[in-house]
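Notes to accompany the following structure.
The values are calculated or read from the model by the stated rules, or taken from the named source; none is laboratory data. This is a predicted model, so every value here is computed, not measured. Don't worry about glycine lacking a Cβ; one is built from the backbone with ideal geometry, like all the others, and counts go over all protein chains shown.
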């Protein structure tokens with residue numbers, strides 16, 4: 001496939017533990033084209049770590065190994081920290097969960113966007129400001145001039161997340177990794193933010209990785225879904241087909257969700273099978 | 001069991017006074033489960049806090065079991081309503097063992113017999129004796145929420161107030177906690193008032209549901225009507241649609 005933006009084969013992230021190494025992520029292989037890929041799983045399943053590993057954001061003592069990790073023509077397995085620094089923002093960008101914590105609290109939001117722009121593109125202050133204003137408009141902020149001069153505590157959660165998206169997209173990356181981008185937002189705002197992100201990603205022909213614990217959200221938003229359990233991808237399926245998933249873990253998760261209009265006296269609880277922990281090849 | 005009549009709650013003073021809850025009236029019968037949904041800032045948690053007596057209500061009345069709740073409540077009145085909070089990481093004292101956490105309310109309310117009550121309360125929420133002398137950081141999120149529920153139930157309240165009890169938990173753990181709450185409610189014929197932004201969770205546990213926005217109670221409906229899409233308010237419809245996952249057509 002010529003349209004593959006990212007290919008990962010046998011990704012493994014390990015942390016040293018008391019009794020030998022603990023693999024937070026293991027045997028993870030996937031490719032990403034110009035599509036929306038969802039990664040779902042519960043806390044500790046390694047879904048966020050997978051996203052971070054792609055950006056080289058696993059801090060020591062954690063270690064990343066992979067048979068192959070390739071972004072276009074760049075081999076990520078051989079890349080130095082300086083190489084990653086050039087890559088981040090420019091070619092891969094990441095939207096984090098809570099804008100309250102991921103924006104710099106003492107810097108005007110517009111300046112934060114402009115800073116990203118200047119980091120990657122040769123531009124003067126004025127040009128960067130204009131680019132930032134344009135980007136704010138692209139994420140449907142009504143009064144960009146006014147919002148530019150606000151501090152993060154002065155904007156709402158939904159607006160903060162749109163600012164975050166603006167900041168991540170201003171350098172025109174190929175891939176956007178969104179780690180629980182809407183979990184801190186109200187459901188009604190969630191849809192808005194996702195729609196904005198979706199439009200921009202589509203119109204720019206980017207690849208999107210959406211990391212989330214919300215099965216409904218992922219199955220309705222993405223094209224393809226990876227289901228992770230204990231560091232491994234246990235199942236890959238088309239998002240629309242998630243209801244027909246075959247792995248007992250995925251089925252257990254789906255069954256445990258309360259459903260509107262289908263009230264059950266008791267929710268079936270997930271019975272974890274130790275066999276799910278075995279290495280998949 | 002719970003009656004709110006034209007209840008308002010204000011924060012701040014003078015010109016900066018903000019009505020967090022405005023003229024909310026609702027009745028919850030004994031043994032009933034009532035749910036409140038709405039987005040952040042809609043005042044749903046404030047209603048809960050006003051009923052629990054954690055904040056004073058400015059106008060209107062709050063009746064619990066037929067008694068008017070004034071500014072000060074008696075110990076017995078406080079004991080009647082107990083609350084479970086959203087974040088099991090924040091609502092347990094990090095330096096107190098489970099035993100200390102559960103013994104505190106017994107001491108305050110002078111119930112005595114802590115040595116029998118604590119293990120019994122733990123058993124009831126599905127925790128074993130081995131958890132009794134652990135600290136919160138030695139427990140998982142689901143286990144902590146069980147401790148929080150045990151802390152509320154150890155006083156044998158008649159009203160249980162739940163503020164987003166499962167939103168910090170994984171789906172599989174959420175199912176366990178919801179099942180636990182369903183069982184406890186049945187066994188103790190508790191009156192439950194639950195707040196959540198997740199319509200499916202609310203509809204699972206509660207028969208009647210109130211929708212709040214901007215400090216007002218927009219409408220009261222039943223779980224069945226909500227599932228069938230029979231709602232009168234535009235806001236409720238939007239909430240219903242957002243809960244069904246992502247749908248780009250719903251965004252202008």
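Within the stretch A:223-264, the set of residues being farther than 24 Å from residue B:176 by Cα and part of a loop (DSSP other than H, G, I, E, B) comprises just one member, A:223.
Of all residue pairs spaced 6 or more apart or on separate chains, those with beta-carbon atoms under 8 Å, a first member in the stretch A:78-94 that is at positive phi and a second member that is surrounded by 14 or more Cβ atoms within 10 Å (Cβ to Cβ) and assigned to a loop (DSSP other than H, G, I, E, B) are A:89/A:171; A:89/A:173.
If you go through the stretch A:200-217 and pick out every residue that is in contact with a helix residue (DSSP H, G or I) (Cβ under 9 Å, 6 or more places away or on another chain), in a helix (DSSP H, G or I) and either within 8 Å of another protein chain (Cβ to nearest Cβ) or closer than 23 Å to residue A:241 by Cβ (or both), you end up with 4. Is it the case that residue B:174 is within 14 Å of chain A (Cβ to nearest Cβ) and without any contact (Cβ under 8 Å) to a residue 24 or more places away in the chain? Judged against the criteria, residue B:174 is not a match.
Is the stretch B:91-102 home to any residue that is in contact (Cβ under 8 Å) with a residue 40 or more places away in the chain, touching a helix residue (DSSP H, G or I) at 6+ places or on another chain (Cβ under 8 Å), within 17 Å of residue B:156 (Cα to Cα) and buried (at least 22 other Cβ atoms within 10 Å of the Cβ)? Taking every residue of the stretch B:91-102 in turn, at least one turns out to be in contact (Cβ under 8 Å) with a residue 40 or more places away in the chain, touching a helix residue (DSSP H, G or I) at 6+ places or on another chain (Cβ under 8 Å), within 17 Å of residue B:156 (Cα to Cα) and buried (at least 22 other Cβ atoms within 10 Å of the Cβ). Evaluated against (1) more than 18 Å from residue A:113 (Cβ to Cβ); (2) touching a residue at least 40 places away in the same chain (Cβ under 8 Å); (3) surrounded by fewer than 24 Cβ atoms within 10 Å (Cβ to Cβ), residue A:177 falls short on exactly one condition, (3).
Listed conditions (1) surrounded by fewer than 21 Cβ atoms within 10 Å (Cβ to Cβ); (2) closer than 25 Å to residue B:212 by Cα; (3) in contact with a helix residue (DSSP H, G or I) (Cβ under 7 Å, 6 or more places away or on another chain); (4) within 14 Å of chain A (Cβ to nearest Cβ) are all met by residue B:158, apart from (4). All conditions but one from (1) farther than 25 Å from residue B:76 by Cβ; (2) surrounded by 15 or more Cβ atoms within 10 Å (Cβ to Cβ); (3) at pLDDT 90 or above apply to residue B:2; the one that does not is (1).
Among the residues of the stretch A:231-281, those that are within 13 Å of another protein chain (Cβ to nearest Cβ) and touching a residue at least 40 places away in the same chain (Cβ under 8 Å) comprise A:239, A:253, A:257, A:276.
Is it the case that residue A:141 is crowded, with 23+ Cβ neighbours inside 10 Å, on the phi < 0 side of the Ramachandran plot, away from chain B (no Cβ under 14 Å) and out of contact with any strand residue (DSSP E or B) (no Cβ under 7 Å at 6 or more places or on another chain)? No; evaluated as a whole, the condition is false for this residue.
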